[in-house]
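> Before I ask anything, here is the structure I am working with.
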Amino acid sequence: MPSNALIKEFQAIVGKENVLESEADRHSYSYDSAVLDPVVPEFAVRPTTSEELGKVVRLCNENGLPVTPRGSGTNLSGGTIPHKGGIVLLTNALNKIVEINEEDLYAVVQPGVVTAKFAAEVAKRGLFYPPDPGSQAVSTLGGNVAENAGGLRGLKYGVTKDYVMGVDFFDVNGELVKSGSRTVKCVTGLNLSALQVASEGTLGVFNEIILKLVPPPAANKAMMALFDDVDKASATVAAIIAAKIVPCTLELLDNVTINLVEDFTKAGLPRDAQAILLIEVDGHPGQVAEEAEKVVAICKKTGATDVKAAKDEAERNKLWEARRAALPALARAKPTTVLEDATVPRSKIPAMIKAINAIAKKYDLTIGTFGHAGDGNLHPTIMCDKRDKNEFHRVEEAVDEIFDVALSFKGTLSGEHGIGLAKAKWLEKETSAATIAYAKALKKAVDPKGILNPGKIIGG
């Protein structure tokens, strides 16, 4: 336990009001969105300037105090659960958009900027920041970079890593490391920016992030395709991609998800459909019209019972609001929601969905499947009650099997949620013992005392 003298040192850096020691505060930062046991930190520290941030990191290192950086705590893999005996470093007060450069198409932000607010500010300038994680209304850009967050538009536009031009971060000594550039091309030194992406706060603490911006598409068209069989819907995803069409968004919801979303949102989704695909194409108006026509033809050829196009922006927004409501809708069904993101090559989507349904039946579980079908990133969501030990044991066995199937299809443990604590035990299955040893050696080199978010990704 940190001494009173050490706590006073933190207070001297950030102010007494920004060292949060109350029982309520400590418990508030003991968990994130993963289904894992909480760990109560000794206290939380909230720097409000870059100078304070660097000093806090240095003081933690000098005293061997484990520190877990935290934005909004929306991650689903336990990446912001504190280490026993450690503290939480809050970045939400570092929330300035430092610069939006309209000429050179980049922005500079602090890590605590909320994703949706940033995207809205960029849009006001006639520019576009594509990454759109489902938690964008509350998640922060620092967290997005730390987890390499994806989103609905990942199929066409990529994920967070594709927009990171540079990251300035503090090392364990509180020294500012600058990496990347505001230029389109930069090969100066090691690519430390890329190393920080998906590092989950284990290699440095972000100070500022340089993000690429792009011009927005001139037009878009949103459609909803209805299916009486989930296999037909998943086959349609593969058929659209095989036709060399890359929609902006290509999302799947199965019947379980459809009905729970409809209960939650009253969006008018067809309850009797076994699956729906929500599809959007964007780009030049002529291209959009041509691709939309082709998508409709493919959907009908592969078994869609109907394809409905959004008539206006209000209908389009209604479709995407329904999709974004999938997780909260499913989370209302049972006390515990286990959301996974095993990801497979797109051609394996039909086989993966069949496997998930078979696993649900085998273990007598309710699994709602939705997700970014166009890029192979599915979210099989198990609704259960962790207090029921027998049921939760079946859940754990089902998750093991889901990952095994995904890896057998040359897929990955995580498309966008990260490894954190939740998936570390499976890491060697996808990679190798040498991979993990290499990562541990790297971690040891930059963080000899192991204070930066210990236990995440590669274990202790």
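The values are calculated or read from the model by the stated rules, or taken from the named source; none is laboratory data. Since the structure is predicted, the reported quantities are computational estimates derived from the model, not experimental observations. A quick note on method: Cβ atoms are made from the backbone with ideal geometry, for glycine too, and the neighbour counts reach across all protein chains shown. We work out accessible area using only protein heavy atoms, side chains counted, and drop any ligands, DNA or RNA first. Shrake-Rupley method; radii C 1.70, N 1.55, O 1.52, S 1.80 Å.
> Does the stretch 232-373 come out rounded, prolate or oblate by the C-alpha gyration tensor, with a ≥ b ≥ c the root eigenvalues, rounded set by a/c under 1.5 and, if not, prolate when a/b is larger than b/c and oblate if not?
Verdict is oblate for the stretch 232-373.
> Out of all Cα-Cα pairs in the stretch 370-460, roughly what percent, to the nearest whole number, are more than 22 Å apart?
41 percent
> Would you mind telling me the share, in percent, of accessible area of the chain contributed by carbon and sulfur at probe 1.4 angstrom?
Carbon plus sulfur share of accessible area: 53 percent.
> Report, in degrees rounded to the nearest 10, the 0 to 90 angle that the Cα long axis of helix 50-62 makes with the longest principal axis of the chain.
Once rounded, the angle reads 70 degrees.
> About its Cα centre, how strong a charge dipole does the stretch 214-342 have in debye, to the nearest 20, once Lys and Arg get +1 and Asp and Glu get -1 at the Cβ?
Here the stretch 214-342 has a charge dipole of around 100 debye.
> What number, in percent, do you get for the relative contact order of the chain if the mean sequence gap of Cα pairs under 8 Å and at least 6 apart is divided by its residue count?
That works out to 15 percent.
> Only Cα pairs under 8 Å and at least 6 apart count here; give the relative contact order of the stretch 24-143 as a rounded whole percent.
Relative contact order, the stretch 24-143: 24 percent.
> Rounding to the nearest 10 and keeping the result within 0 to 90°, find how far the Cα-based axis of helix 313-324 lies from the longest principal axis of the chain.
Rounded to the nearest ten degrees, it is 60.
> I've got another one for you. With the dipole of the stretch 363-450 worked out from charges on the C-beta (+1 for Lys and Arg, -1 for Asp and Glu) around the Cα centre, which of M383, G450, L365 lies farthest toward the positive end?
G450
> Any chance you could check the Cα centroid distance between the stretch 95-155 and the stretch 401-444 for me, in angstrom?
The stretch 95-155 and the stretch 401-444 have Cα centres spaced 27 Å from each other.
> Separate question: What does the highest-first list of 119-126, 380-387, 304-311 look like by mean Cβ count within 10 Å?
380-387, 304-311, 119-126
> Quick one: compute a quarter of the convex hull surface over the Cα atoms of the chain and quote it in nm².
With every direction weighted equally, the projected area is 21.7 nm².
> Further question: Past the 13 angstrom mark, what percentage of all C-alpha to C-alpha distances in the stretch 85-136 do you count?
That tail contains 63 percent of the Cα-Cα pairs.
> If Lys and Arg each add +1 and Asp and Glu each add -1, what is the summed charge of the other residues whose beta carbon sits under 12 Å from the beta carbon of F170?
Every neighbour counted, the sum reads -4.
> Next question. Would you calculate a helix-derived [θ] at 222 nm for the chain, using -39,500 (n - 2.57) for each DSSP H run of n ≥ 4 and dividing by the full residue count, to the nearest 500?
Calculated from helices alone, the mean residue ellipticity at 222 nm is -11000 deg cm²/dmol.
> Turning to a different aspect of this structure: Where nothing but the Cβ of Lys and Arg (+1) and of Asp and Glu (-1) is charged, how large is the charge dipole of the chain around its Cα centre, in debye to the nearest 20?
Computed about the Cα centre, the dipole is about 420 debye.
> If the viscosity is 1.002 mPa s and the temperature 20 °C, what translational diffusion coefficient in µm²/s does Stokes-Einstein give for the stretch 28-135 when Rh comes from Kirkwood over Cα pairs?
Reported coefficient: 139 µm²/s.
> Of A239, V40, V296, which is farthest along the charge dipole of the chain in the positive direction, counting Lys and Arg as +1 and Asp and Glu as -1 at C-beta?
The one lying farthest along the dipole's positive direction is A239.
> Sticking with this structure for a sec: When the convex hull of the Cα atoms of the stretch 215-279 is projected onto a plane and the area is averaged over all directions, what value comes out in nm²?
5.3 nm²
> Within the stretch 362-457, how many Lys pairs that are eight or more residues apart, or on different chains, come under 13 Å at the alpha-carbon?
So the count of such lysine pairs works out to 6.
> Quick one, can you get me the convex hull of the C-alpha atoms of the stretch 331-409 expressed as volume per residue in Å³?
Looking at the stretch 331-409, the number lands at 69 Å³ per residue.
> Just to confirm a number: summing +1 for Lys and Arg and -1 for Asp and Glu over residues other than T412 whose beta-carbon lies under 11 angstrom from that of T412, what do you get?
So the surrounding residues net to 0.
> Taking a 1.4 Å probe, which of K178, K55 shows the most accessible area, and what order do the others take after it?
K178, K55
> Something else about it: How much accessible area per residue does the chain have, in Å², with a 1.4 Å probe?
About 43 Å² of surface per residue is accessible.
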